[in-house]
Structures are given as structure tokens and as C-alpha cells.
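Below is one structure, written out as C-alpha cells, with a few remarks after it.
The values are calculated or read from the model by the stated rules, or taken from the named source; none is laboratory data. Given the structure is predicted, the values throughout are model-derived calculations rather than measurements. Here the Cβ is made from the backbone with ideal geometry for all residues, glycine too, and neighbour counts use every protein chain on show. Surface areas here come from the heavy atoms of the whole protein model, side chains and all, with no ligands, DNA or RNA. Shrake-Rupley method; radii C 1.70, N 1.55, O 1.52, S 1.80 Å.
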Amino acid sequence: MPANRFNGFTEYGVGIGLRVPHYQHILAKKPVVDWFEIISENFMVDGGRPLAILDQILDQYRVVQHGVSMYFGSAEPLNREHLRRLKALVRRTKTPWLSDHLCWGSVDGTYSHDLLPMPYTRDAVRTTARKIREARDFLEVPVVVENVSSYAEFHVSEMTEWEFLTEVVEAADCGILLDVNNIYVSSRNHNFDPYDYLHAVPRHRVAQIHIAGHSKFRKYILDTHDHPVIDPVWRLYARAIELIGHTATLLEWDDRIPSFDEVHNEALKANRFVTRAVEAVS
Amino acid sequence: MNLDQIQRDMFEAVRTPLTSTERMKPRTLDGRSTREIANRVIKPNDRLTSVERLEIYNRQYWFRLISTFADDFPGLRAITGARAFDKIAVAYLAECPSRSFTLRNLGSRLEFWLRDNPEYIRGVENIALDMVRLEWADIEAFDGPYGDRLTEADLASLGEDPRFRLQPYVQLLDLSYPVDELLLHVRRRQDVVPFSSNAVNARRRTKLRRSALPAPEKTFLAVYRLDDSVYFKRLDPEAFALLGALRSGLPLSRAIEISVPYTNRPLDRVTSQMRDWFANWASLGWFTKSTSGTDH
């Protein structure tokens with residue numbers, strides 16, 4: 001089910017994140033890329049180079065917005081100034097859907113700039129779903145939420161992460177940005193089977209998929225986005241595509257960023273699994 | 001525990017500065033036990049204690065903020081040295097944590113905080129404050145608001161004694177040191193491309209050669225952008241005063257009167273000088289029809 005109401009009924013293929021070290025290459029060489037994902041906060045400014053570059057990209061490419069600081073899961077209300085600026089950017093990019101994370105990160109207007117994990121409670125489901133609905137109503141664009149990598153679990157949790165994700169998206173009636181690397185990282189950090197997670201996700205709500213690399217430490221894994229995608233994550237991705245269908249897929253590479261071609265080629269590996277899934281279905 | 005209480009407790013621990021060995025401190029900023037918070041809120045697993053799991057977030061918080069702060073203020077770091085800079089970063093960010101959804105504004109209160117806490121820049125107070133003002137002006141000029149540029153046709157319709165409005169992104173600085181040259185020198189030695197992402201940060205440890213500090217030299221500077229790049233332009237004292245007077249909203253005649261002394265110089269030379277200034281500033285797009293609006 002590639003096109004659905006959560007991704008604006010689009011049929012996007014494999015994209016990559018738009019990152020500063022690649023600007024010159026993209027604008028000069030105009031490589032064929034199905035779509036770019038931008039970090040919304042990097043372009044929620046009043047003027048200057050960020051918006052000039054974005055406008056040049058928009059002339060040539062399809063762009064989808066991905067945010068890092070909406071914090072749907074924070075107990076405090078949404079930041080109205082953030083929403084106002086985000087809406088201006090939505091109008092500029094005409095993004096068919098907009099994503100942010102299923103996490104929290106602010107208290108009393110002070111920001112952590114991190115993706116802090118949710119306690120999986122009914123209280124948290126209600127707060128998060130209400131804020132997602134508020135944001136979607138204000139922004140007038142489909143909002144989808146991404147599962148995050150986490151390194152901690154809470155005593156108060158009343159359900160698994162995938163049950164929490166399902167309850168939130170059902171209560172908010174929103175889509176999912178399914179990050180298969182994050183499922184893998186969290187499964188290793190919290191000792192669960194990533195396929196249990198994958199099989200439980202309400203697949204009709206998946207609007208987009210993220211893939212990425214990560215870093216292994218002795219006792220845990222960190223979601224660093226600074227390596228190629230590892231084989232276990234590709235296998236998880238392949239299973240996701242079998243279950244969900246050909247879905248807009250985005251490779252994240254945010255640190256120690258190699259050349260544009262290296263990042264793009266890594267992303268395009270996803271097509272192998274898409275082709276196999278299509279062949280299997282047909 | 002409800003959601004709000006869990007988040008308050010965890011955030012208080014996360015934003016507590018690290019020890020010198022980059023571990024979690026035993027007490028939060030408000031004096032509570034981080035171990036007690038961790039044990040009460042976070043589950044341990046077979047490899048990590050509650051404290052160790054909470055510590056991952058504590059470290060990421062500080063690594064991310066300090067890296068961004070260092071990206072934004074490389075000139076200050078070159079003046080103070082790495083060790084003193086890290087102390088400034090931790091003390092400032094502990095007292096002035098981010099109040100914005102974007103990391104862009106992380107250093108917005110640094111000048112005022114340093115004025116209130118001069119012990120962190122003892123011995124280099126004036127040049128450090130000049131550098132912080134310049135580096136913040138650079139951030140503001142880079143992506144600050146923009147008004148419609150004043151055209152030649154607009155100039156003709158301004159009337160006899162117009163009020164010129166400066167583009168909001170043009171920053172005017174009167175400095176006691178030539179920190180513009182120092183900052184350009186520092187930047188030539190490094191190549192940093194900061195941007196936000198949702199990846200976990202590793203602590204970047206860039207090598208630092210502490211810069212030789214220049215002698216005091218009164219410097220009047222405009223920080224502005226042109227074709228989406230930021231530039232520094234040295235100004236004559238009179239030109240600086242004139243631009244400041246125009247920015248304050250004074251009509252041209254009054255702005256000239258208070259900023260350009262006629263002593264010792266023939267009137268035609270002063271007039272010619274001002275004509276050149278205005279032609280240059282207009283060509284750089286410094287005048288606007290309005291004071292609000294955004295680019296493109």
C-alpha cells in the first residue's frame with residue numbers, strides 16, 4: 001500500500017536527506033534523485049542562504065519535511081511559534097506529508113534538542129495523540145510519527161513500544177514513519193525481537209520508511225547515522241517491504257558524511273528489496 | 001508518577017553538567033540525587049544499571065550542546081583556549097539552556113551572560129566580548145529577516161528629507177579590537193558545517209591553536225549578507241554613526257547633523273563622501289522599503 005492518506009497519496013521511491021556538504025554537488029550536477037528529505041528546523045529561518053538553497057532544490061526536486069523538535073510526547077503544550085514557522089515552511093515546500101518523532105524533549109519551554117524516550121503509558125498516549133491532532137489541524141498536512149531509537153525504559157510503562165506506537169497513531173488517526181534501523185537499535189538495547197515489533201505495526205498507516213547506520217558499543221548501540229546500513233537492518237527492511245508494500249524510503253546519514261554518490265548509492269540498495277517484494281507479490 | 005513528573009525529573013538529571021571525566025554527577029543542578037532519580041524512573045537491564053542508561057542521555061545532551069556552541073563561537077574559543085572555553089560553555093548552558101526549538105539561538109544570551117560573569121574571561125574581557133558580539137552578529141546576518149530592497153525608483157519618491165531604513169540583517173558593531181580579522185583567520189584554519197539532525201552526537205574534539213591576540217584598535221564594522229554569504233565591512237566612524245542614526249529612525253538631515261562633523265573639511269568634500277557612501281550602501285542592498293518580511 002504505497003500511496004495512502006498518510007503520505008498524501010504519493011508514490012515516492014528512494015530518497016536521501018538533504019545535507020549541507022552535498023549542496024554544491026546537487027546544484028551543480030543535478031543528479032537524479034527521487035526525493036529529498038529536509039530537516040524542517042534548518043529552514044525555519046527568516047532569510048539568507050538556507051532558504052535560497054531550498055528554493056533552488058524545490059525548483060528541481062520533490063521535498064518532504066522531517067522535524068526534530070516538535071516533541072509530541074512532551075507534557076507541555078505545543079510551541080505556537082514553532083508551529084507558525086513550520087506552517088510557513090509547509091506552504092513553501094508543499095510537502096505531501098510531514099514527520100516528526102514519537103518522543104519528548106522539552107520541559108517548561110527549555111529544549112533538550114534530543115529525542116527522549118516515552119514512558120509507554122495510557123497517560124502518555126492521550127497527551128501525545130492530542131498534540132499530534134492539534135499539529136495536524138493547524139498545519140493542514142498529514143502528520144506522521146517516527147519510532148525513535150532508545151537507550152532507556154521506564155518502570156511505569158504499561159505496554160510494549162509497538163503497542164504504544166499503535167495506540168498513539170490510532171488515537172491520533174495519523175501515519176507512521178517506520179524507522180527500521182531504530183527498531184533494530186532498540187531491539188538490541190532492550191532485548192526484544194525486532195520482527196515482533198515489525199509484525200505488530202499497523203501497516204496500513206505506514207507512510208514512509210527510514211533506514212540508517214548506527215554505532216555499536218560494548219553494552220549498547222547508538223543511533224549515530226554515520227555508517228552504511230548493516231545487513232540485519234536490510235533484512236528487516238526487506239521484511240517491512242514484503243509486509244507493507246513499496247513505500248517511500250529514506251536513507252539518513254548525518255555524521256561523517258561521505259560523498260553524495262556514496263550516500264545515494266547506499267540508499268539505492270533499497271531498490272533490490274523493493275524489486276524482490278514486487279516480484280514475490282506478482 | 002504522571003508524564004509531567006517523569007519528564008521533569010529525567011530532564012533535570014539530563015541537563016546536569018557532566019563530571020570532568022564525562023560521567024553523570026551525583027547531584028542535579030537543584031541538589032537532588034541523580035542515582036535516586038535514575039532508580040525511581042529508569043529500569044535497569046542485563047547490561048546497564050538505571051544510572052548508566054540515564055547517563056547515556058546526560059552525555060548526549062552535553063555533547064550535542066557543547067559541539068554546537070563550539071561551532072558557533074570558534075573565535076571566542078581561539079581567544080580563551082579550549083579549556084577555558086569548555087568551562088564557559090558548561091556554565092553558560094547550565095544557566096542559560098536552550099529556550100528555542102532551534103539550536104541556532106543557543107548563543108543568543110552569551111554576551112550578556114559574560115558581562116554578568118566576567119571571571120570566565122578574566123584578562124581578555126574586552127576582546128572576548130567583542131568577539132562574541134561579532135559571532136552573534138554573524139549568525140543574525142546569515143539568516144535574519146529581509147525587507148524589499150529600495151530601488152532607484154523608490155529613492156526618487158522618498159521626498160526631500162527621507163528616513164532610510166536599514167535591512168534588519170545588517171548588524172552594526174563598534175569594537176575595541178579588530179576581531180573581524182581574527183575571526184577570518186580562525187575560520188581559515190577550520191571547516192565546520194553545522195546543521196541539525198536527529199542523530200546522536202559524538203563529542204567532537206577539534207585541535208585548537210590558541211590565537212595570538214591583536215592589539216586594541218577601534219573598529220567600526222557592518223556585518224551583512226550579499227548573495228547569501230556573510231561579509232564584514234569596515235566603516236569610517238562618521239559612516240558608522242550615520243548608519244546608526246538612520247537605523248534609529250532619524251530623518252536624513254538630522255542623521256547627518258549628529259553624525260558627520262563639518263570641522264576642518266570643505267562642504268563639497270563631505271557631500272561627495274556621503275554620496276559615495278550611500279551609493280555603496282545602496283548597491284549592497286542595505287536599504288529597505290519595509291522593516292519586516294522574509295527573503296525570496
key: Any hit, the range A:232-245, residues being touching a His at 6+ places or on another chain (Cβ under 7 Å), of a type outside the set (A, V, I, L, M, F, W, C) and assigned to a helix (DSSP H, G or I)   = no
inquiry  = Please go through the range A:246-276 and give me each residue that is part of a helix (DSSP H, G or I) and under 21 Å from A:Val201 (Cβ atoms), ordered by number.
reply    = A:Ala270, A:Phe273, A:Val274, A:Arg276
message = Let me confirm something: among B:Ile79, B:Ile66, B:Ile37, which residue is within 30 Å of A:Leu78 (Cβ to Cβ), at pLDDT 95 or above and open to solvent by less than 10 Å² (accessible area, probe 1.4 Å)?
response = B:Ile37
remark   = Being free of Cβ contacts under 8 Å to residues at least 60 places away in the same chain, within 17 Å of the chain's Cα centre (by Cα) and open to solvent by 20 Å² or more (accessible area, probe 1.4 Å) narrows B:Glu119, B:Glu125 down to just B:Glu125
message = Can you find a residue that is farther than 18 Å from A:Trp104 by Cβ, assigned to a strand (DSSP E or B), open to solvent by 40 Å² or more (accessible area, probe 1.4 Å) and touching a strand residue (DSSP E or B) at 6+ places or on another chain (Cβ under 8 Å) anywhere in the range B:40-47?
response = no
message = Being surrounded by 15 or more Cβ atoms within 10 Å (Cβ to Cβ) and touching an Asp or Glu at 6+ places or on another chain (Cβ under 6 Å) is true for just one of A:Ala238, A:Ala277, A:Ala248. Which residue is that?
response = A:Ala277
ask   = Which of the residues belonging to the range A:52-81 are facing another protein chain (nearest Cβ under 7 Å) and surrounded by 21 or more Cβ atoms within 10 Å (Cβ to Cβ)?
value = A:Val68, A:Ser69, A:Ser74, A:Ala75
ask   = Where residues in the range B:234-245 are over 11 Å from B:Trp277 (Cβ atoms) and either without any contact (Cβ under 8 Å) to a residue 24 or more places away in the chain or crowded, with 19+ Cβ neighbours inside 10 Å (or both), which of them is farthest from the other protein chains (Cβ to nearest Cβ)?
value = B:Pro237
message = What's the total number of residues in the range A:91-120 that are closer than 21 Å to B:Glu12 by Cα and open to solvent by less than 40 Å² (accessible area, probe 1.4 Å)?
response = 18
query = List, please: which pairs have Cβ atoms under 7 Å, are six or more places apart or on different chains, and start with a residue in the range B:265-287 that is part of a strand (DSSP E or B) and end with one that is basic (Lys, Arg)?
reply = B:Phe287/B:Arg165
Contacts under 6 angstrom Cβ, first residue in the range A:217-229 being at the interface with chain B (Cβ under 7 Å from one of its Cβ atoms) and assigned to a loop (DSSP other than H, G, I, E, B), partner buried (at least 18 other Cβ atoms within 10 Å of the Cβ) and among the aliphatic types (A, V, I, L, M), 6 or more apart = A:Lys219/B:Leu48; A:Asp223/A:Val185; A:Asp223/B:Val200; A:Thr224/B:Ala199; A:Thr224/B:Val200; A:His225/A:Ala212; A:His225/B:Ala199
message = Need the failing condition index for A:Val45 against (1) surrounded by fewer than 23 Cβ atoms within 10 Å (Cβ to Cβ); (2) facing another protein chain (nearest Cβ under 9 Å); (3) more than 22 Å from the chain's Cα centre (by Cα), just the number.
response = (3)
query = Give me the pairs: first residue in the range B:3-28 and away from chain A (no Cβ under 14 Å), second residue open to solvent by 10 Å² or more (accessible area, probe 1.4 Å) and assigned to a strand (DSSP E or B), beta-carbon distance under 7 Å, and six or more apart or on different chains, which are they?
reply = B:Pro26/B:Ser33; B:Arg27/B:Ser33
query = Out of the range B:29-60, which residues are more than 11 Å from B:Ala13 (Cβ to Cβ) and more than 11 Å from chain A (Cβ to nearest Cβ)?
reply = B:Gly31
ask   = Quick check: anything in the range A:122-145 away from chain B (no Cβ under 12 Å), in contact with a Phe, Trp or Tyr (Cβ under 7 Å, 6 or more places away or on another chain) and open to solvent by 10 Å² or more (accessible area, probe 1.4 Å)?
value = yes
key: Enumerated helices (runs of 4 or more DSSP H) restricted to the range B:61-174, each holding at least 3 residues that are within 14 Å of chain A (Cβ to nearest Cβ)   = B:82-95, B:125-143
ask   = Which of the residues belonging to the range A:230-255 are touching a helix residue (DSSP H, G or I) at 6+ places or on another chain (Cβ under 6 Å) and facing chain B (nearest Cβ under 9 Å)?
value = A:Trp253
message = All but one of (1) crowded, with 19+ Cβ neighbours inside 10 Å; (2) assigned to a helix (DSSP H, G or I); (3) not polar (S, T, N, Q) hold for B:Met24; state the number of the condition that does not hold.
response = (2)
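One line per residue, one yes/no per condition, for (1) modelled with pLDDT under 95; (2) under 25 Å from B:Arg225 (Cα atoms); (3) open to solvent by less than 40 Å² (accessible area, probe 1.4 Å):
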{"position": "B:Leu114", "(1), (2), (3)": "no, no, yes"}
{"position": "B:Met131", "(1), (2), (3)": "no, yes, yes"}
{"position": "B:Asp148", "(1), (2), (3)": "yes, yes, no"}
{"position": "B:Pro162", "(1), (2), (3)": "yes, yes, yes"}
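So that you can scan it fast, the table gives a plain yes or no per residue for (1) within 12 Å of chain B (Cβ to nearest Cβ); (2) touching a Leu at 6+ places or on another chain (Cβ under 7 Å); (3) under 24 Å from A:Ala267 (Cα atoms); (4) surrounded by fewer than 21 Cβ atoms within 10 Å (Cβ to Cβ):
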position	(1), (2), (3), (4)
A:Ser149	yes, no, yes, no
A:Ala152	yes, yes, no, no
A:Thr166	no, no, no, yes
A:Cys174	no, no, no, no
A:Val185	yes, no, yes, no
A:Tyr197	no, no, yes, no
A:Ala200	no, no, no, yes
A:His210	yes, yes, yes, no
